[in-house]
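Let me begin by presenting the structure, written as C-alpha cells, before commenting on it.
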Amino acid sequence: MSSSGRAPIFILSCYRTGSTLMRYIFDTHPDVYSPPEVSLGDAAAQLAHLEAGLIGFKLDPARLDQLPAESVAGIRAVLGGRMDAATARHGKRLWCEKSPSNLASLGLLRLVFPEARFVCLYRHAFDVVQSLLRGMMYRLPELQPYLITHKVHQVSAALDYWNGRTLAQMALEAKAPDRCVRVRYEDLVANPEESVRRVFSSLGLSWNEALLKAVFTTPHDQGMQDHLIVLTRSVHGESVGGGHDLPLDGVPPEVLSATRQILEALGYPERPQPACRPTPVDTPGTPSRTPHWLFETHLTERMRTEPASVKAIRSSYRFEILGDGGGTWVVDPQQRKVLTGQAPASCKIEISAADLFAVASGRLHPFKANEQGRLQFHGNINVYEIDALMQLLRLSSP
C-alpha cells in the first residue's frame, strides 16, 4: 500500500491501448489523482538496486521477492510518499498510475504495494500493432529486445511484445481476481458509461453521470503521454479496427498461434472489424455554416474573445478548403487577422469543407483525419499550436 495506507490503483496495459484516455477518466473523478506517465515501475526497480547495494545484498532481478523487508519499506516510503504528496496537493485522496512500462516491473510493484488494485486494460492485438507501426517501434526501449529477436521484423516484434505483456496481465487476473477489473478498449469507447461505471464500482469509487462529460474540459497535468489526447474532445471509437488489414507475412507461426489463442481467450475475433467513419453533423451550405462564415466571422470573433489560445499560436496557417464552399484562408493569430487567398504562411492545412466542420464540432479528431488521408498537414506542425487553433475554430454547438 502507499505510505498513507490507502490502496493505490494501477492501470495495466500495453502501449497504444488507451491508457491515457483511461487516465483522464480516473483523473476527472473527485477522489482520484492520476498523473501522466511517471514510470513508477522503472523507479521502483532503480530504487531496488539502490537499496540492495546500500545493505550489501546481492539482488537477483528474477527473485525480487527475496528483497529484504527494510529495502521494500524504503522503496514504499519514497514512491508512496511522493505519490501521496502529489495526490494531497491536488485535493484528492487516492492515486492511480498508468505507465505501460509498469508491466515489466509488475512483481516488484506488487511487493511494494501489496494492497494495490489493478485495471487490466486490453485492446485487439492487430490494432495495437498497427498503432505501434506509426513511428513508435524504435522509440520505445521496451520493444528493442523484440526487434533484435525478430531481426527487425516489426510486426513479429510487436505481436510478440503484445503476447508477453497481455499474458502477464491475464496471469495477474488469475492470481488475484479480487484485486483486478478487466476492461477492453473497444467496449470502453463503444459504451463508455457502462464500462466506466462497472470499473468504478469494482474499485469502490462513486459514480456521477456528469463525469464523462467533464473528462476533456477538466484540467489534467501534462507530461509524457499520448500527445493526441490534447486534441480529443469526446470518447470515440474511430481508432477501432485500424489493424483489420495488418500484413502478417513473415510472422513466425508460433507467435501468430499464441496471438490467436490470447485473442480468443479475451473474446476477440481473429481480426478486428474496421470502424465506420462518422458522418459529419455540420453540413456547409447554409449562410451560417459555410467556410467563409467559419473563418471570417466565427474565427475572427474567437480570436478577440480567446486571448489564451491566441497567445499559444506563434505560427500562421493557410487553410485550403476543398469541395462546396471551399477556398483559401490564412489565419495569423498573432496579428489577429484572417486573410483570403494565397498569402504566405508557416504551415498549410488541406481539408474538405465537410470534414472541416466535423473537426470544428469535435466529431472528427484532426490527427485521426490525417491518418485517414482526409486532412493534410504541410510544414513544421506543433501539436500544442494545433490544439490551440482547434480551440479557436471550435463550435459551441452543431
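The values are calculated or read from the model by the stated rules, or taken from the named source; none is laboratory data. Predicted model, so just to flag it, every value in this text is computed and none were measured. Glycine also receives a Cβ, built like all others from the backbone with ideal geometry; neighbour counts cover every protein chain displayed.
Screening Ser202 against (1) modelled with pLDDT of 95 or more; (2) surrounded by fewer than 12 Cβ atoms within 10 Å (Cβ to Cβ); (3) not aliphatic (A, V, I, L, M) leaves a single unmet condition, (2).
Scanning the stretch 361-378 for residues that are touching a residue at least 60 places away in the same chain (Cβ under 8 Å) and assigned to a loop (DSSP other than H, G, I, E, B), we see that the one that is farthest from Gly237 (Cα to Cα) is Ser361.
Looking only at helices (runs of 4 or more DSSP H) that fall completely inside the stretch 121-211, which ones have 2 or more residues that are among the hydroxyl-bearing types (Ser, Thr, Tyr), touching a residue at least 40 places away in the same chain (Cβ under 8 Å) and touching a helix residue (DSSP H, G or I) at 6+ places or on another chain (Cβ under 6 Å)? Spell out how you get there, then give the answer.
On the way: elements: 125-132, 144-149, 154-175, 185-190, 192-203.
Per the criteria, 154-175.
The stretch 1-109 holds helices (runs of 4 or more DSSP H) entirely within its bounds, and those carrying 3 or more residues that are assigned by TED's automatic domain parsing to the domain that holds Arg165 and free of Cβ contacts under 8 Å to residues at least 12 places away in the same chain map to 40-54, 69-89. Any residue in the stretch 327-339 that is buried (at least 19 other Cβ atoms within 10 Å of the Cβ), at pLDDT 90 or above and charged (D, E, K, R)? Yes, because at least one residue in the stretch 327-339 is buried (at least 19 other Cβ atoms within 10 Å of the Cβ), at pLDDT 90 or above and charged (D, E, K, R). Select from the stretch 84-122 the residues that are charged (D, E, K, R) and in contact with a strand residue (DSSP E or B) (Cβ under 6 Å, 6 or more places away or on another chain) and list them in ascending order. Those that are charged (D, E, K, R) and in contact with a strand residue (DSSP E or B) (Cβ under 6 Å, 6 or more places away or on another chain): Lys92, Glu97, Lys98, Arg117.
Just a yes or no: is a residue in the stretch 74-81 farther than 14 Å from Phe113 by Cβ and basic (Lys, Arg)? No - not one qualifying residue is present in the stretch 74-81. Contact annotation: no residue pair with Cβ atoms under 8 Å, 6 or more positions apart or on different chains, pairs a residue in the stretch 347-360 that is hydroxyl-bearing (Ser, Thr, Tyr) and surrounded by 23 or more Cβ atoms within 10 Å (Cβ to Cβ) with a partner that is modelled with pLDDT of 90 or more and in a helix (DSSP H, G or I).
Restricting attention to the stretch 173-230 and to residues that are more than 15 Å from the chain's Cα centre (by Cα) and among the polar types (S, T, N, Q), the residue that is farthest from Tyr33 (Cα to Cα) turns out to be Asn191. Can you tell me how many residues within the stretch 114-126 are farther than 11 Å from Ser13 by Cα and surrounded by 23 or more Cβ atoms within 10 Å (Cβ to Cβ)? The qualifying residues number 3. Within the stretch 304-319, work out how many residues are among the hydrophobic types (A, V, I, L, M, F, W, C) and under 21 Å from Gln342 (Cα atoms). Adding up the residues that qualify gives 2.
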